[in-house]
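The values are calculated or read from the model by the stated rules, or taken from the named source; none is laboratory data. Computed from a predicted structure; not experimentally measured. Neighbour counts run over all protein chains shown; Cβ positions are idealised from the backbone, glycine included.
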Amino acid sequence: MFPVKIFDGKGNFKTEISGETVREKAWSKIVGGYNPVIKEPKGQEARKIICAKEGCEKTKIVFSHNARYCSTECGVEYHNSKIKENRQKRKVNKKCRECGKEFEGFGNRSYCNDPCSSRFKWKYVKITKTIGISE
């Protein structure tokens, strides 16, 4: 923090407050104090956690009551892996409506690939134009 100069109402210089004093006053209003040695907010207890991500055995000292990971990267990797696992569980074996080929897909998918889907759509367009139905 930088030092702060204080002036009176007429613009005359009164005093200067050091950066340390400014930081201590700011932290005392926010979290009840600041300890510059270990940089932890006063009034909050530190606790040691072991990272919850599989394969990561790192430990970390945290001040948050709900921290579970040693870093943001570990948390993101863990959640992305869970999303992939859930996505794999939802896959089912289906049969393409156009060519009859077996494929692995999700509940709402009806075609094995884009060409089959396009072929079906063009057939639908031709049929609707032939019988005079417009959308």
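Structure data summary
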quantity: Pick from the range 1-36, criterion part of a loop (DSSP other than H, G, I, E, B) and at pLDDT 75 or above, ranking: nearest to Lys60 (Cα to Cα); calculated: Phe2
quantity: Any chance Val76 is surrounded by 10 or more Cβ atoms within 10 Å (Cβ to Cβ), at pLDDT below 85 and not in a strand (DSSP E or B); calculated: no
quantity: Odd one out for Lys39 among (1) surrounded by 10 or more Cβ atoms within 10 Å (Cβ to Cβ); (2) within 30 Å of Lys25 (Cα to Cα); (3) modelled with pLDDT under 80; calculated: (1)
